[in-house]
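Undergrad: A single structure is presented below for examination.
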Amino acid sequence: MERVYRNLTDDEILVLKEQFCHADDWSKILVSDGFHVKYVSRTRFSGNVKIGAFNRAFDLPGGIKKHSGLKDVSLHNVTVGDDCCIDNIQNYIANYDIGDHTFIENVDMILVDGQATFGNGVAVAVMNETGGREVYINDKLSAQQAYIEALYRHRPELINRMKAITEFYSNKHASAIGTIGSHVSIINSSLLKNVRIGDYCSICGANRLSNGTINSNELAPVEIGYGVICDDFIISSGSQVEDGTVLTRCFVGQACKLGHSYSASDSLFFSNCQGENGEACAIFAGPFTVTHHKSTLLIAGMFSFMNAGSGSNQSNHMYKLGPIHQGTLERGAKTASDSYILWPARVGAFSLVMGRHVYHADTSNLPFSYLIEEQNTTYLVPGVNLRSVGTIRDAQKWPKRDKRTDTNKLDFINYNLLSPYTIQKMFKGIDILKDLKRVSGETSEIYSYQSAKIRNSSLNNGIQFYEMAIRKFLGNSIIKRLEGRMFRFDEEIRLRLKPNTEIGSGEWVDVSGLIAPKSEVEKLLIDIESGKVNRLADINLRFKQTHENYYIYEWTWAYGKILEFYHLDPDKITINDVIAIVEEWKKSVVDLDKMVYEDAKKEFSLSAMTGFGADGSHDERKLDFEQVRGDFESNLFVKTVLKHIEVKTALGDELINRLKSKVEE
């Protein structure tokens, strides 16, 4: 219901003057029903001002109550909603619509100066400080949109179209009047200029916020803390930016947390990223990129599901043509303490980087690997991370750490450790490793690949790890496809195994968290280039539809790989073939889980107890360790691994018995 305003009465104007209020033109001051003149003092009005009712008091920390009203403030072209408290504004508030129940106190200045886009349309020079991969941010930006805009530069028409779509959106939402939402709190802050602020936002002690949007709402409020400086920015719902963080030309996605003097320029942070103490420059931080350490620098790289160790950094130039190089750590990659990578380089998914690496390796087709530096040489250990307890723990924790409470989630995130994206790389990895053996000989002690060295034992183990993971993934897929059904004839099982769609065959891509068939991404890009898709909301909708159809498309891909890997004819598959696949799946699952179990046991070894039991005997050290860390058998993760072996074994046995009963008939 639209609020009705009236002019001030002569008596109200007289009281306001007695309360040291001034106006350039009292006729331009409008008030609503419920306006109480006694709650307005030492206030100056200019331009067009509208004021709501003053009926409620605010309960402040420490048991203080403060009634809504206006005191010690200058307002120019401002609308004040119902039950707001605005007090002690050192300079003025100009050109703003302020929502209901908002509290603003002890602020220097809040203004919109001219036509503002509030951070929409700002060019962020991500991944390359010298430009060329600019992403034009907007308050509907998803990780998937940004990925396309940053990386598909070989399609200039696509980039021009996406830029035009963002420009249209930015101009459509440009205004000379800013908005501060309802239930907002802004206290002890300095300058807020050309900033649009959503409902339920809390800003406490910010130094400067300039040209930006804060997309706060009731379900996912945003918190801005002391000492924060943000220029040319957008902060999405549910995020916290605190403790002296400095952002310049940055997009902060949903449920991110930046604090402890973190600084970033020309960077994008998507859902659930965390940045503390360190520094970022020109990075594309996909979902769940985490860096906590003061000495850590992330620069000119693309990351997702990544944890940066203390002292990690990268170099994006070699003192030749300047900072023009870039690199990628694919999803789930980690860096150990004091690791270093000289860009350009590309590290495969779920890999661990230890030491200093200066030879520009590309290990993207060898996922789940270790990159270890020995005497200035990069040694590659393929697939070994598949047996790591840390990898499994990470995969379990990410879905639990999704802090997004907004019902409108911008980023589409697939958490699967094994997917067509990673399994296709394992197929390529097996081919690579077998080719190395063929070319260099099976008895070679060291193999060379992409400026890295692979030891003979590591190569053979890598093939084994990848084959186990492939069997696990394909078995998972076929068991899921056949669950809850009875089959009397081979023809029935063939019919059930046949995919519902052809979409999913071919290459898959990881679009910054979204795992999807490349064909579906390609269709969207063509529609953007043609103008068929020309709105930000429509782009996000297409990504959403692809995400929701993941398991349908995944089966299409898995079915094709099952035929290829097990050398099966789709017209001749039998129940016995399926039983054989499930038997192999069961063995692979159990073997991998046993490796994870043994890896976890290392965390409870005698060497892990070093530093425990400060002044006691061996027994006291063990007891001290157990009091702090618990014992191995009662560890929650260990129990989960054992339960997983039990559950998966039972699942495989159930399907085998269900199928065998028909064979025996």
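The values are calculated or read from the model by the stated rules, or taken from the named source; none is laboratory data. Values in this document were obtained by computation on a predicted structure and should not be read as measured data. Glycine also receives a Cβ, built like all others from the backbone with ideal geometry; neighbour counts cover every protein chain displayed.
Undergrad: Scan region 75-82 and give yes if some residue there is in contact (Cβ under 8 Å) with a residue 40 or more places away in the chain, part of a strand (DSSP E or B), of a type outside the set (A, V, I, L, M, F, W, C) and more than 30 Å from Arg153 (Cα to Cα), otherwise no.
TA: Yes, because at least one residue in region 75-82 is in contact (Cβ under 8 Å) with a residue 40 or more places away in the chain, part of a strand (DSSP E or B), of a type outside the set (A, V, I, L, M, F, W, C) and more than 30 Å from Arg153 (Cα to Cα).
Undergrad: Among the candidates Val107, Val184, Val112, Val195, which residue alone is within 25 Å of the chain's Cα centre (by Cα) and in contact (Cβ under 8 Å) with a residue 12 or more places away in the chain?
TA: Val195
Undergrad: Something else: Could you list, in sequence order, the residues of region 365-382 that are part of a loop (DSSP other than H, G, I, E, B) and modelled with pLDDT under 95?
TA: Scanning region 365-382 gives Gln375, Asn376.
Undergrad: Residues in region 468-525 that are closer than 20 Å to Ile573 by Cα, more than 26 Å from the chain's Cα centre (by Cα) and of a type outside the set (Asp, Glu): how many?
TA: Residues in region 468-525 being closer than 20 Å to Ile573 by Cα, more than 26 Å from the chain's Cα centre (by Cα) and of a type outside the set (Asp, Glu): 28 in total.
Residue by residue, here is whether (1) of a type in the set (Asp, Glu); (2) under 30 Å from Ile137 (Cβ atoms); (3) touching a Leu at 6+ places or on another chain (Cβ under 8 Å); (4) at pLDDT 95 or above holds:
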{"residue": "Pro420", "(1), (2), (3), (4)": "no, no, no, yes"}
{"residue": "Met426", "(1), (2), (3), (4)": "no, no, no, yes"}
{"residue": "Asp431", "(1), (2), (3), (4)": "yes, no, no, yes"}
{"residue": "Ser440", "(1), (2), (3), (4)": "no, no, no, no"}
{"residue": "Leu459", "(1), (2), (3), (4)": "no, no, yes, yes"}
{"residue": "Ile463", "(1), (2), (3), (4)": "no, no, yes, yes"}
{"residue": "Asn476", "(1), (2), (3), (4)": "no, no, yes, no"}
{"residue": "Lys480", "(1), (2), (3), (4)": "no, no, no, no"}
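Undergrad: Kindly evaluate Tyr551 against the criterion of being under 28 Å from Met302 (Cβ atoms), out of contact with any His (no Cβ under 6 Å at 6 or more places or on another chain) and not in a loop (DSSP other than H, G, I, E, B).
TA: In short, yes.
Undergrad: I need every pair where a residue in region 488-516 that is at pLDDT 95 or above has its Cβ under 6 Å from the Cβ of a residue that is of a type in the set (Lys, Arg), sequence separation at least 6 or different chains.
TA: Cβ pairs passing all conditions: Glu507/Lys518; Val509/Lys518; Asp510/Arg331.
Undergrad: Restricting the search to region 149-208, which residues are outside the structural domain of Ile137 (by TED's automatic domain parsing) and of a type in the set (Val, Ile, Thr)?
TA: Ile177, Thr179, Ile180, Val184, Ile186, Ile187, Val195, Ile197, Ile203 - these are the residues of region 149-208 that are outside the structural domain of Ile137 (by TED's automatic domain parsing) and of a type in the set (Val, Ile, Thr).
Undergrad: Do the conditions hold for Leu592, that is, is it at pLDDT 70 or above and closer than 30 Å to Leu497 by Cβ?
TA: Criteria met by Leu592.
Undergrad: Being in contact (Cβ under 8 Å) with a residue 40 or more places away in the chain and surrounded by fewer than 21 Cβ atoms within 10 Å (Cβ to Cβ) is the filter; apply it to region 212-231 and report the residue that is farthest from Asn91 (Cα to Cα).
TA: In this case the residue turns out to be Leu219.
Undergrad: Let me ask something else. Being part of a loop (DSSP other than H, G, I, E, B) and over 19 Å from the mean Cα position of the chain (by Cα) is the filter here, so list the residues in region 327-358 that pass it.
TA: Hits for region 327-358 are Ala336, Ser337, Asp338, Ser339, Trp343, Pro344, Gly355, Val358.
Undergrad: In contact with a strand residue (DSSP E or B) (Cβ under 8 Å, 6 or more places away or on another chain), hydrophobic (A, V, I, L, M, F, W, C), surrounded by 24 or more Cβ atoms within 10 Å (Cβ to Cβ) and modelled with pLDDT of 95 or more: which single residue out of Phe270, Phe288 fits that description?
TA: It is Phe270.
Undergrad: In region 448-463, which residue that is assigned to a helix (DSSP H, G or I) and buried (at least 16 other Cβ atoms within 10 Å of the Cβ) is nearest to the chain's Cα centre (by Cα)?
TA: In this case the residue turns out to be Gly462.
Undergrad: Right, next: Can you pull out every residue in region 208-243 that is charged (D, E, K, R), closer than 19 Å to Ser261 by Cα and touching a Phe, Trp or Tyr at 6+ places or on another chain (Cβ under 9 Å)?
TA: Correct list: Glu242, Asp243.
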